[in-house]
Amino acid sequence: MLIDPITRIEGHLGLRVIVDTEARKPVKDSVRSFVTMFRGFEVFDLGRPPEDLPHINSRICGVCGASHANASVIAVDMAYGVSPYRMGVTLRNMAFAMTDHIYDHTIILNMLEGPDYSSAVVAFMTPSVYDQAKKTLAEHRDIHGFTTIAEIMDALTPITGKLWQLAAKFQRYAREAGVLIYGRHSHPSTLIPGGISTDLSNAEYLVTGYIFRLTKLTAWTKYMYTAWYDLLKFYEDLGYAENGISYHPDPAKSTVLAVASSGIFDDPETYESVGDYVEWEEFYKKMDENAKKRMIKPGIVLKGNLVTTSYADYNASIMEHTERAFFKDWKDKAKELPWYGELEARNFRDPLGNELLWGKYDPVYHPWIKVTIPEPSARDWAGKYSWVTHIRLVWKDGTITPFEVGPYARLLVASKQPGSDYIGLYKSDGNGTLRVTLPRACTDELPASVCEEMTFEWKVPEFSSTLYRLWARAFNLVIDIAVAWNNATKALEYVKAGTVKTSRPWKTPNKITFGVGFTEAPRGTVRHWVVQKAGRTLNIQIHAPSTGNVSPQDKWGYSPFEQSVINTIVTEETKPEEWTGLDFVRSIRSFDPCLACAAHIQFMKGEKLIKKVKKVITTAHYC
């Protein structure tokens, strides 16, 4: 069944899979995830002033609009050669940490992913698991107050569950904190090239209001993370950890052989120094070093190895093609474009001298040169079947592979390089372990047991699965709280020192300039490529996090969504004709529950059709 899409994220995903009922797993070649709506939001940007792009592109999504706004503003910062002053960078970080990250992770875990693990679902579909949950004591019961795992499952029941209800309340605090700076959410009104237009006539009052809400959210995060830790540890002990594997360093277990992260949350002093009215090429060169100082660091992990921490390497490695998507190849069209000649004159190299796609693939398939040309047709499972293009990673050694983005990718990359923060709350040892200390913080809505300072640690697993994607999201929320404290602390210091200037007025270059803005949405890297001339947008290409994760299969393999379904085992304890696809739903949602997924599943026994399930995901929950 297909569901009409509402936005670029909500309501545009479909899934087709044939299940071998004896093996309790999908027939590999049958799996297809597909986007049912034309993706080409970029057409709204063409010809517009680049300074409008953050405001237009935040409308891509009503959930993570700030992520697209931030990616666009970074790209335009580069195209114009101007970056904010340190207070402006700090305000960008403070707002972005709250909206989109802290609020969105709260909703995703407890209101979209969580109900799949609620007592209503687990007791009905996997009763033996629920029976075990009723007998299993929760390790952190003295903190969150849930005595058994079954009580945590009860708390995830939509509408009536305690975690569900508290999530609804605390995500509001995060939005309020972000709106103090953005003016509104989810479409920020204050992001501008070279700065942010937040009113700082009473800066100390603004920061104090932010910290008031951050204190409540710190207590909430301790409460929520300990509950999720206990639930996920329970499922890990049951042997669920390998269900839904997507990325795996072993090619025998997956065709998704890489994960990538742009990093997020710029260092205020470093980013301030990047764009003091420079040429875009100089900005690009400085961005490479700036990104390495982001609090959550960038990089690419390929087959288990951290192969780069370079923002420029990430940019040079992205390839896009249309083989099984409802778009035409743009190779011939691209050569007619005015900016094609600019890149051709550079021998298709970036300002650092990196050849786009490393000379391993035709550089015309890099997004800076892409032209969106739709070609609708009937869906053909053996041919074109999706409204999303193929996004692949091309590496220097000639490897071309699907790759994964998201909380798991972000934390795996961060865990493989040493790092720490400004005030000592966050630390990565560089050997795979992340550690965060959250300060003392109380709130009336939660028990006093969450007040004390707490330290959390996570050894990031070497593969991505349904369970570990959830775990990564929960731990990512802990890190985001530390990010917010770091930037709020810096903001107070700047206010006390009188360093409250936020923005450099931008100037419009009369020649063709390029920009690339990479940042992280809660669900993975957002990538925006911009080409402008004389204050008009000539071209823009946008990769939402789901673009690559949901890409169609091709000769290089299956993308994360499809690969995770292939590696999913059905655990439902009912007859095959009564299966609902619970484990497939869990796997898909663990990437991005903002996708309302229509699914068409066939259950086969030999050559006999047992049942068709035309609608697997009916709402945000099962009840």
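Laboratory data are not the source of any read-out in this text; all were calculated from the coordinates shown. All values reported here derive from a predicted model rather than from experimental measurement. We place every Cβ from the backbone using ideal geometry, glycine too, and count neighbours over all the protein chains shown.
A few remarks follow.
- Between the stretch 220-266 and the stretch 348-376, the alpha-carbon center distance in angstrom: 32 Å
- For Asp276, distant residues with modelled amide H under 5 Å away: Ser83
- Sorted on the mean count of surrounding Cβ atoms within 10 Å across their residues, most packed first, peptides 249-259, 396-406, 87-97 read 87-97, 396-406, 249-259.
- Three-way shape label, the stretch 261-349, alpha-carbon gyration tensor, a/c 1.5: oblate
- The chain, relative contact order [Cα under 8 Å, separation at least 6], %: 25 percent
- Along the stretch 132-141 the Karplus relation, 6.51 cos²θ - 1.76 cosθ + 1.60 evaluated at θ = phi - 60°, assigns HN-Hα couplings of 5, 5, 5, 9, 9, 6, 7, 4, 9, 4 Hz to successive residues, with x for each Gly and Pro.
- Anisotropy class of the stretch 459-527 from Cα gyration tensor, a/c 1.5 cut: oblate
- ³J(HN,Hα) computed for each position of the stretch 186-198 - Karplus, 6.51 cos²θ - 1.76 cosθ + 1.60, integer Hz, glycine/proline x: 9, 10, x, 9, 10, 7, 9, x, x, x, 7, 9, 4
- Here each label is just a point 7 Å from Cα along the line to Cβ, and for Lys360 and Lys169 those points are 5.1 nm apart.
- 30 Å Cα-Cα threshold exceeded, pairs from Lys169/Lys303; Lys303/Lys555; Lys293/Lys496; Lys286/Lys427: Lys169/Lys303
- Label point distance in nm, Glu336-Lys575, each placed 7 Å from Cα along Cα→Cβ: 6.1 nm
- Using the Karplus relation 6.51 cos²θ - 1.76 cosθ + 1.60 with θ = phi - 60°, the per-residue 3J(HN,Hα) values for the stretch 102-111 come to 5, 5, 6, 4, 4, 5, 4, 5, 9, 10 Hz, with x marking Gly and Pro.
- The antiparallel fraction among DSSP beta bridges confined to the chain stands at about 85%.
- Distant-in-sequence amide contacts of Tyr558, defined by a placed amide H-H separation under 5 Å and a gap of 5 or more residues or a different chain, comprise Thr255.
- Global geometry of the chain, whether rounded, prolate or oblate, following the gyration tensor of its Cα atoms and the 1.5 cut on a/c: oblate
- Within the stretch 13-613: Cβ-based charge dipole about Cα centre, in debye rounded to nearest 20 (Lys, Arg +1; Asp, Glu -1): 640 debye
- Mean shadow area of the stretch 428-478 over all directions, Cα convex hull, nm²: 4.3 nm²
- Förster radius 22 Å - calculated FRET efficiency between Leu137 and Glu457, Cβ distance, rounded to 0.05: 0.55
- Database remark: amide H of Val388 closer than 5 angstrom to the amide H of Val35, Phe326 (H placed geometrically; neighbours at sequence offset of 5 or more, or on other chains; Pro and chain starts carry no H).
- In this structure, the pairs whose alpha-carbon distance is over 18 Å, taken from Lys370/Lys396; Lys416/Lys459; Lys328/Lys370; Lys328/Lys360, are Lys370/Lys396; Lys328/Lys360.
- Taking each residue as 0.36 nm, the span from Asn202 to Ser189 lengthens on full extension beyond its C-alpha to C-alpha distance by 2.8 nm.
- For Lys507, the lysines whose Cα comes closer than 18 Å to its Cα, not counting residues fewer than 8 places off in the same chain, are Lys533.
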